[in-house]
There are 2 protein chains.
Amino acid sequence: MRIDFRTDPSRYRHWRIELDGDVAVLKMDVDPAGGLSSDYELKLNSYDLAVDIELNDAIQRLRFEHPEVRCVVLTSGKDNVFCAGANIRMLGKATHGHKVNFCKFTNETRLAMEDASENSGQTYMAAVNGACAGGGYELALATDHIMLIDDRRSNVSLPETALLGVLPGTGGLTRVTDKRKVRRDRADVFCATEEGLRGAKARDWRLVDEVVPPSKWQDAVTARAKELAARSDRPKDAKGVPLTPLRREEADGRVSYSHVELELDRERRVASLTVRGPSKPAPANAAEAQALGAAFWPLAVARELEDAILNLRVNEPAIGLVLVRTDGDAQAVLTYDALLLNGTGDWFMREVRHYFKRVLKRVDLTAKTFFALVEPGSCFAGTLAELIFASDRSMMLIGTREGDNRAPAAIVLGEANFGRFPMGNGLSRLESRFLGEPETLDVAQAKIGAALEAEEAEELGLVTFAREDFDWDDELRVMMEERASQSPDALTGMEANLRFAGPESMETKIFGRLTAWQNWIFQRPNAVGEQGALKLYGSGVKPGYSMDRI
Amino acid sequence: MRIDFRTDPSRYRHWRIELDGDVAVLKMDVDPAGGLSSDYELKLNSYDLAVDIELNDAIQRLRFEHPEVRCVVLTSGKDNVFCAGANIRMLGKATHGHKVNFCKFTNETRLAMEDASENSGQTYMAAVNGACAGGGYELALATDHIMLIDDRRSNVSLPETALLGVLPGTGGLTRVTDKRKVRRDRADVFCATEEGLRGAKARDWRLVDEVVPPSKWQDAVTARAKELAARSDRPKDAKGVPLTPLRREEADGRVSYSHVELELDRERRVASLTVRGPSKPAPANAAEAQALGAAFWPLAVARELEDAILNLRVNEPAIGLVLVRTDGDAQAVLTYDALLLNGTGDWFMREVRHYFKRVLKRVDLTAKTFFALVEPGSCFAGTLAELIFASDRSMMLIGTREGDNRAPAAIVLGEANFGRFPMGNGLSRLESRFLGEPETLDVAQAKIGAALEAEEAEELGLVTFAREDFDWDDELRVMMEERASQSPDALTGMEANLRFAGPESMETKIFGRLTAWQNWIFQRPNAVGEQGALKLYGSGVKPGYSMDRI
């Protein structure tokens, strides 16, 4: 089964967006028959990847299409249940790879909610109007404010450990300790019980922000939403930018978008990803950019690159290595950058910028090797130069190629490379790169705008290798063969460590500490063996655990 | 096989300590036949847990028994090989549990070297006089200065990924990025090749600090060691404190030390760990304390507690829960604390303090649940109160028990609880505990010295539950049964997340990000399956990898 991440509200089966001025209500009302597979039913607002693909789309559209929305209320459209979390039968039947990719995507989606609250003036709050268990509570945790109805029934819980022998791995454990800052012994009690907490105790233990009796519920939710909306800096009368359908053509191992091209060589386990620079001059100002809408080059590239990356992750497991190229005019990229980065006051530029940031973070988290190839005709400048720094290695051609009259390849640094697209650890990619030689960061910054050819770029530490034409093919072939011969698992673990030097944040802890432990558990017989809790859940048979503590 | 962590230099088979004034040479010369099992030979200075138990012992003794030693030179006693890393045949045959515990202990040992360099005025340097691969290079990475002989042969390498399909999991990846701060693309190249680097390139890539030609090697090593020694603040004429043999008696599921007692109920999967307070008044000053030597109560407790914890880890996998109790006089503990914590200028007090810190960190990293039980007769004061805060939960008895005329239980906070025993994340346990309510930390600090009975302690957030006698047994039974019924793997992952709220350090990244990924890989068929690289290494048969990237 190939999974498509493209959708739009007219096709949603699980969510409703209800707009009311500056507040949007995002209502979860999962269609039990609307999962990716008919192997399971999505009862009680439980979810699978299909549900999360819609949620991800809704979060994006609220930001771009609804500048007027300043607060998003996440709630349930069902009676007595907010959300039961990830569907267990789905998890029980899923391959290890699907579980891992499912969790990664759902984690990114929840971080996108937090990014909207923090950076977009669109604050998420959860109105928990029923039982809120596991992934359901993790969804609430990703909002900035959690209200719980005090009806003596509705509760919050993380029953994964007790019931399923796995972790609340969609950020749950990390947000309990690092965002909600729940005391560790209380967190231990909470996370080891099936029942969870409700009412005042849930608030006193910092698990929710407010508990409200049913009689006052609707008014309190509305008032709180209005209050959060009032803090926003989003513009009053802006028009939204429609995220028009993303066009993708697929034929003979080639996936084509307007500015992104993916070539798949599944036999050699290599993909070629090419990003094309702008084909038109940059618009004169933000208003003109907005008039272009989804065709505005940086937005188009972000959407296409994101779709390509997500496709590589879930639909192309055999691909181990992605060769990253660009094609176009570096100066044209920089004129777009000027608009994107300097128009800080413009809501649309801000959205595009943060979106690009999130797409680059998806690259950081993708379990494929990325090698950037910098060749004549490329346009690794500013925003696009980040693709070099997001790659595991890079190689740059010295001089020109016989029969090619284009100028030698050059990298052009811009403001984009110095803090505008932070990684999950809070540092720019160049800052992370030069942790050991911060003075190089200053040297590089002084070169902003200069066309840096191969040897200078290598000297500055911007690329791994500068190579002459006569070495190029051999060197690349050897690197490709080496990578293709090594254990994909070891490479995934190695990259997950080497890419995140320096500080950790709540975000990186979710993908490091929490996810890595969860992936370990997802391999353990106690969870996934024939007697494992995930396999036996709902069967009435108790799981048979190996009781060794490891 | 039961593993004993006790040893002393007279019994070493793998290491030699050569003393020369303020410099000690710690020479690795592994006896191939001296491993824990005869299933494998420890060729080429490869190591198993037996080798590391001696290394750990040597590091301890150098600190306590040799105040005159200010620099430790780690080198090889064999020709042309520094260390080939962990023995692969051992890893290939080991159970998952043994691999995990082996890696944990070796990681702690390397951190103990760094702790000596940072806090003990005893700086470690590596004199890499031969091939230095995998765990061998990880050993060098744990020193403060790496010298590499430039003989066109000796090199440093991390071939785990390329050769074995696993990670350099003994801190390797983390120290390359976070300690040596190697650029990520170079780290990628280095960690994906078998051959590693030698000579000037190894230095230019920040993998070693110095390369020295063979003709100057011995002089250069000596000069560097002298220079590092000269920076030390260790006393000139102090006498060492011999770490006399640790006495342990075992009978009928009871393990007894002088001040620590462990009772094992393997059927219920519960251990009772009791630490007894001092039986004698504290010595008047540091000199008197030193005269007591290994019998000095805090040192005795640290050694015994450490041995008990290590035994629980590797010899008692069935034990899931440890009930932590103390027995004695709180004021007596505090008088020892006064000596320990205020004698900052005294080298011996400093050693004991840092040792206690390291033992508490071992508790933090132990994959068992700890419940602290605070009852009449207990002495959870100062240093010993840390055991409550290192536990996953705690319960404290309100008032007295029928027929027991001892005073109600009280916790007494001391300076010990406010930064003197930091966790791996750099925070004190109370700081981590009160991340969400830092004002509580101040309130608690104002209570230093006060006897805090159950209800006040609960109110202050120092214990999880205060309970009356008539509730106690039932509550404890339910908690014990609940814990015993849950998946040990999920509990391990849960605790590894909940115990480390807030910031991450290089140290916690090693046990979080790196270890968790390694443990995942240690479960994957590409490493441990019949066709896996760890299984087939040395057989001449190439591993058969599943090529899916996950």
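The values are calculated or read from the model by the stated rules, or taken from the named source; none is laboratory data. The structure presented is a predicted model; accordingly, all values stated were derived computationally and were not measured. When we count neighbours, we look across all protein chains shown, and the Cβ atoms used for this are built from the backbone with ideal geometry, even at glycine. All accessible areas refer to the heavy atoms of the entire protein, side chains included, with ligands and DNA or RNA removed. Shrake-Rupley method; radii C 1.70, N 1.55, O 1.52, S 1.80 Å.
Determine, yes or no, whether B:GLY544 is in a loop (DSSP other than H, G, I, E, B) and either free of Cβ contacts under 8 Å to residues at least 40 places away in the same chain or surrounded by fewer than 18 Cβ atoms within 10 Å (Cβ to Cβ) (or both). So B:GLY544 fits the description; yes.
A count restricted to the range A:54-64 and to residues that are open to solvent by less than 10 Å² (accessible area, probe 1.4 Å) and farther than 17 Å from A:THR244 by Cβ stands at 2. When the range B:344-385 is filtered for residues that are over 15 Å from the mean Cα position of the chain (by Cα), among the hydroxyl-bearing types (Ser, Thr, Tyr) and part of a helix (DSSP H, G or I), only B:THR383 remains.
On the stretch given as the range B:490-526, residues that are more than 7 Å from every other protein chain (Cβ to nearest Cβ), more than 17 Å from B:PHE370 (Cα to Cα) and touching a residue at least 60 places away in the same chain (Cβ under 8 Å) total 9. For the range B:18-42, the candidate set comprises residues that are open to solvent by 50 Å² or more (accessible area, probe 1.4 Å) and either in contact with a strand residue (DSSP E or B) (Cβ under 6 Å, 6 or more places away or on another chain) or among the polar types (S, T, N, Q) (or both); within that set, the residue that is modelled with the lowest pLDDT is B:SER38.
Residues of the range A:184-195 being among the polar types (S, T, N, Q) and at the interface with chain B (Cβ under 7 Å from one of its Cβ atoms), which ones? Spell out the reasoning first.
Of the range A:184-195, the ones among the polar types (S, T, N, Q) are A:193.
Hits for the range A:184-195: nothing passes.
Criterion applied to B:SER46, B:SER37 was being out of contact with any Asp or Glu (no Cβ under 9 Å at 6 or more places or on another chain) and small (Gly, Ala, Ser), and the one residue passing it is B:SER46.
Please go through the range B:464-487 and pick out each residue that is more than 11 Å from every other protein chain (Cβ to nearest Cβ) and part of a loop (DSSP other than H, G, I, E, B). Give the derivation first.
If we filter the range B:464-487 for residues that are more than 11 Å from every other protein chain (Cβ to nearest Cβ), which is where we start, we get B:466-477, B:480-481.
Selection gives B:GLU468 alone.
Does the range B:214-229 contain any residue that is outside any loop (DSSP other than H, G, I, E, B) and within 14 Å of chain A (Cβ to nearest Cβ)? Scanning the range B:214-229, I find no residue that is outside any loop (DSSP other than H, G, I, E, B) and within 14 Å of chain A (Cβ to nearest Cβ), so the answer is no. Look at A:ALA291 and say whether it is surrounded by 20 or more Cβ atoms within 10 Å (Cβ to Cβ) and in a helix (DSSP H, G or I). So A:ALA291 fails the test.
Scan (1) charged (D, E, K, R); (2) at the interface with chain A (Cβ under 7 Å from one of its Cβ atoms); (3) open to solvent by 40 Å² or more (accessible area, probe 1.4 Å) for the single condition B:ARG549 breaks and write down its number. (3) is the only condition that B:ARG549 fails.
Looking for whichever is surrounded by fewer than 19 Cβ atoms within 10 Å (Cβ to Cβ) and at pLDDT 95 or above here; the options are A:GLU160, A:GLU210. Which one fits? It would help to see each step written out before you state the result.
Details: A:GLU160 fails: surrounded by fewer than 19 Cβ atoms within 10 Å (Cβ to Cβ).
One residue alone meets the criteria, A:GLU210.
Going by the conditions given, is A:ASP204 modelled with pLDDT of 95 or more, more than 12 Å from A:MET147 (Cβ to Cβ) and open to solvent by 80 Å² or more (accessible area, probe 1.4 Å)? I'd like the intermediate steps shown before the answer.
Numbers: modelled with pLDDT of 95 or more: yes; more than 12 Å from A:MET147 (Cβ to Cβ): yes; open to solvent by 80 Å² or more (accessible area, probe 1.4 Å): yes.
So A:ASP204 fits the description; yes.
Residues in the range A:87-134 that are open to solvent by less than 10 Å² (accessible area, probe 1.4 Å), in contact with a Gly (Cβ under 6 Å, 6 or more places away or on another chain) and more than 30 Å from A:ARG353 (Cβ to Cβ): A:GLY134 alone.
Only residues that are within 29 Å of A:SER378 (Cβ to Cβ), modelled with pLDDT under 95 and open to solvent by 100 Å² or more (accessible area, probe 1.4 Å) were counted in the range A:232-265, giving 1.
Restricting the range B:455-480 to residues that are touching an Asp or Glu at 6+ places or on another chain (Cβ under 9 Å) and either farther than 23 Å from B:GLU386 by Cβ or of a type outside the set (Phe, Trp, Tyr) (or both) leaves a set whose member that is surrounded by the fewest Cβ atoms within 10 Å (Cβ to Cβ) is B:ASP469. Looking across the range B:161-183 at every residue that is in a helix (DSSP H, G or I) and facing chain A (nearest Cβ under 7 Å), the one that is nearest to the chain's Cα centre (by Cα) is identified as B:THR174. Inside the range A:1-33, residues that are under 23 Å from the mean Cα position of the chain (by Cα), assigned to a loop (DSSP other than H, G, I, E, B) and not acidic (Asp, Glu) make up a count of 10. Selection of the range A:401-438 for residues being touching a Ser or Thr at 6+ places or on another chain (Cβ under 7 Å), open to solvent by less than 40 Å² (accessible area, probe 1.4 Å) and within 14 Å of chain B (Cβ to nearest Cβ) yields A:MET423, A:GLY424, A:ASN425, A:PHE434.
Residues that are surrounded by fewer than 21 Cβ atoms within 10 Å (Cβ to Cβ), out of contact with any helix residue (DSSP H, G or I) (no Cβ under 9 Å at 6 or more places or on another chain) and assigned to a helix (DSSP H, G or I) within the range A:312-338 comprise A:ASN315, A:GLN331, A:THR335, listed in sequence order.
For the range B:444-463, a residue qualifies if it is farther than 20 Å from A:VAL176 by Cα, out of contact with any strand residue (DSSP E or B) (no Cβ under 8 Å at 6 or more places or on another chain) and within 14 Å of another protein chain (Cβ to nearest Cβ), and the qualifying residues are B:ALA444, B:GLU459. Tallying residues that are touching a residue at least 60 places away in the same chain (Cβ under 8 Å) and touching a Lys or Arg at 6+ places or on another chain (Cβ under 7 Å) within the range B:96-119 yields 4.
Is at least one residue of the range B:532-540 over 18 Å from the mean Cα position of the chain (by Cα), at the interface with chain A (Cβ under 7 Å from one of its Cβ atoms) and closer than 30 Å to A:SER485 by Cβ? Talk me through it step by step, then tell me what you get.
So in the range B:532-540, the residues over 18 Å from the mean Cα position of the chain (by Cα) come out as B:532-540.
Remaining after also requiring at the interface with chain A (Cβ under 7 Å from one of its Cβ atoms): B:533.
In the following step, the residues that additionally are closer than 30 Å to A:SER485 by Cβ were identified as B:533.
Yes.
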